[in-house]
1. Test each condition in (1) farther than 19 Å from residue A:128 by Cβ; (2) of a type in the set (Asp, Glu); (3) assigned to a loop (DSSP other than H, G, I, E, B) for residue B:14 and report the one that comes out false.
2. Give the residue that is nearest to residue A:65 (Cα to Cα), with candidates limited to residues of the stretch A:128-154 that are part of a strand (DSSP E or B) and within 16 Å of the ligand (Cβ to nearest atom).
3. Filter the stretch B:84-114 down to the residues that are farther than 18 Å from residue B:152 by Cα and of a type in the set (Ser, Thr, Tyr), then identify the one that is surrounded by the fewest Cβ atoms within 10 Å (Cβ to Cβ).
4. Among the listed residues A:44, A:109, identify the single one that is of a type in the set (Val, Ile, Thr) and over 20 Å from residue B:58 (Cα atoms).
5. Would you please list the contacts, defined by Cβ atoms under 9 Å and residues six or more apart or on different chains, that run from a residue in the stretch A:171-188 that is away from every other protein chain (no Cβ under 14 Å) to a residue that is near the ligand (Cβ under 7 Å from one of its atoms) and part of a strand (DSSP E or B)?
6. Within the stretch B:15-32, how many residues turn out to be over 21 Å from residue A:136 (Cα atoms) and surrounded by 13 or more Cβ atoms within 10 Å (Cβ to Cβ)?
7. Could you figure out which of (1) away from chain A (no Cβ under 14 Å); (2) surrounded by 18 or more Cβ atoms within 10 Å (Cβ to Cβ); (3) not in a helix (DSSP H, G or I) isn't true of residue B:5?
8. Quick one: would you say residue A:88 is among the basic types (Lys, Arg), away from chain B (no Cβ under 14 Å) and away from the ligand (no atom under 16 Å from the Cβ)?
Amino acid sequence: MTETSIVSYAEMAVKIRAHCLRMTHRGRSGHVGSMLSMADILAVLYTGILSVDPFNPGWEDRDRFILSKGHGGAAVYAALAERGFFPREWLDTYYLDNGKLSGHISHHVPGVEFSTGSLGHGLPVAVGMAIAARHAGAGHRVICLVSDGDCNEGSTWEAVMMAAQHGLDNLTVIVDYNRVQALGKMEDVIEMEPFAGKLKDFGWAVREINGHDYAEIESNLLELPFEQGRPSWVLARTVKGKGVSWMEGTVACHYGAVSDEQLIQALKELGVEA
Amino acid sequence: MRTAFNEEILKIAEKDSRVFMVLSDIGYGEIEPFAARFPERYFNCGVAEQNMTGVACGLALEGNMAVTYSIANFPTLRCLEQIRNDVCYHKANVKIVIIGGGMAYGPLGVSHHSTEDIAIMRALPEMIVLAPADRIEARAAVHAMMEHEGPVYYRCGYKKEPDIHKCSIDFRIGRSIEVRSGTDITLIGTGTVTYRVCQAADLLASRGISARVISMHTVKPLDREAVLQAAEETGALVTVEEHNICGGLGSAAAQVLAEAGAGVPLRMVALPDTYIHEVGTHDWLLDRYGFSPRSIADTAGKLIGAGV
Ligand SMILES: [Mg+2]
C-alpha cells in the first residue's frame, strides 16, 4: 500500500461517482445510491486488483468480475470507461434512446463479464466459472459483487452452499453491505445479522472491512484467498449514497433521480466541476 | 428413452472433454456410469435448480458444454429466469434435459406433469426445442444437440416408449421426419406420443384413408416447409402433442399455416387448458384425454368428412 495508490484510488472513486451522478441525471434514472455505495470498492478493484486488459477484454487469463447487483451497472461502466475499455463518450448515452449502455449491466459492453439485473443470478454463474477455472488449471480468480438484496434470494444461498462444498478458494464474494434495500432498511425488511457468522457457519472464510477505506479494501483483497480450500467472503460495510451528504444512508436514493440543482450540489461536494 | 439418452451422452463425453453433467440430485439408476467415469465433470448441485442452471451457464461461458438434467418441470420452470437471463441471453452452450415429458409420471400428479414446457421454452430467443419420438430419435437427438452451439431444450421420455422407426434415420435439428407417406391427411406428432399417431394412421388406413405421419422432433425451429407441403399435398392437418393446447406444436403449426394463407382444415389433439388431477398411469391418462389411436383417428376422419 503506497501513498500513490491511495491517491489513484481516491481519484478513480471520484470519477466513478461523478460519472454516475451525471449519467443518472441525464437518464433521469434511479439506483444512484447503490452506485455511490460501491464506488470505492470498484475503484480499488479496477485500479489495483483485477487483472484485466482494456485492449483485450476477452483475454483468457483475465480475472472474472461479475456484478450481481446489475442495477448499479453505471458504476462499472464508469470504471471501464476510465480504464479505456470504451470511449468515455459512451457514458453520455446511458439510459437514452439508441444508447450504448442499458440501465442494468450488459455483457454487450466491452469489459463486462456477465449481464445481470434480476438479483440472485450472479453468484451461481460465478460458482460455475470458478469450477471451470479450477478444472482447467487456470490461475485467474472469480470475484462477484453482491448487494444486500442479492442475499435475500434463495439462489444466492444455493450457490453459497455449493461453493463451500467444493472448496472454491478461487472464488470471492464482496457484499456491498449498506444495509439499505429497495423498500427499506435491512432491519425492517430481512435482517441478515449475524451476517459474517452465517457465512462462517456455511464454510466460507469471512472478513469484515470498511468498504470506503481504500487501504483496508486493498490490503484484504491482496490477501485472497483468505484460506486455502475455502471461498472468501468480504463483508464490506458501506453507506448507501456515500459521498453525497443528503443521500447517505437513505432509502430514497435507491430509486430517486437527481435533479439539475442536486447534480450541481453533489458534484460540488465531490470537488468536481459541474 | 432416458437410458438411451444417458448412454449417448456418456459416449459423447468420452470423445469431448468439454461435456459436463450438472444435476440437482435427480438421475438415480441412470447417471451413475457418467459419475463414475467422469467424476471431475459431474456436479450434483443438490436440490437447487436455480443454482444448477447458473453453474451450468458459468461452465459453458468458459468454453464447456453443460447439460442440466432433472425430471419434468424441475430444470425448466423452477429456474426459468436463469434459463432466460443467464443461458439464452448469453447464448451459453447449456443443454436442458427433462426426463418424463408430458404425463409420463402419470400417477405422481400435477407437479410432475410437464405439460406447458414446449410453449414456455419455445418463447425464449436462442432456444432450440427438441422432443424425440422414440429411442432412435432420442439417440440421434443427443448428438445433434451437442453439436449445436447454444441453448437446447431436450424433452426426453421416461421409459420403454415404443419405437416408431425401423431403420436408421437422418436426424437434423429443424428437419422433420416423414414416418409414413399419405395423401388424404397429415398427422403431425411430437415427442413420445407419436407412436399413437402411427397407430391412428393404421386405423385410418383400415378405413380407406391414407394418412401421412410426420415426426416433428424439433418444435423450434419448426419445419415450415414440411407443414406447408403437407397442407398443399394432403389438404388437412392434425397435430398431436402431449402438452397444453396453448402454445405448443399445434400453435406453431397454425401460425405457419395462417401466415402462409394455406387455408386448410386443422385440428389440434392436445391437453385441455386445465390441470390433470385425475390419478392414473401414463397410458390411462393418454387414453382418457383423447390420445388413444382410435380417438386420434376419429378426429382426423371427422376433419375430412369421412366420419368415424
Ligand atoms: Mg443494499
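All of the numbers you see were taken from the coordinates with simple rules; none came from a lab. If you're wondering where the values come from, they're calculated on a predicted model, not measured in any experiment. Note: ideal-geometry Cβ built from the backbone for every residue, glycine included; neighbour counts use all protein chains shown.
1. (3)
2. We begin by selecting, within the stretch A:128-154, every residue part of a strand (DSSP E or B); these are A:142-147.
Filter once more, keeping what is within 16 Å of the ligand (Cβ to nearest atom): A:144-147.
Values: A:144: 6, A:145: 8, A:146: 11, A:147: 14 Å.
Looking at residues that are part of a strand (DSSP E or B) and within 16 Å of the ligand (Cβ to nearest atom), I get A:144.
3. Across the stretch B:84-114, the extreme among qualifying residues is B:111.
4. Values: A:109 fails: over 20 Å from residue B:58 (Cα atoms).
Result: A:44 is the single residue among A:44, A:109 that is of a type in the set (Val, Ile, Thr) and over 20 Å from residue B:58 (Cα atoms).
5. A:175/A:147; A:176/A:147; A:177/A:147; A:178/A:147; A:181/A:147; A:186/A:180
6. Here is the first cut: in the stretch B:15-32, the residues over 21 Å from residue A:136 (Cα atoms) are B:24-32.
After this cut, where a residue has to be surrounded by 13 or more Cβ atoms within 10 Å (Cβ to Cβ) as well, the list is B:24-27, B:30-31.
Number satisfying all stated conditions: 6.
7. (3)
8. Numbers: among the basic types (Lys, Arg): yes; away from chain B (no Cβ under 14 Å): yes; away from the ligand (no atom under 16 Å from the Cβ): yes.
Judged against the criteria, residue A:88 is a match.
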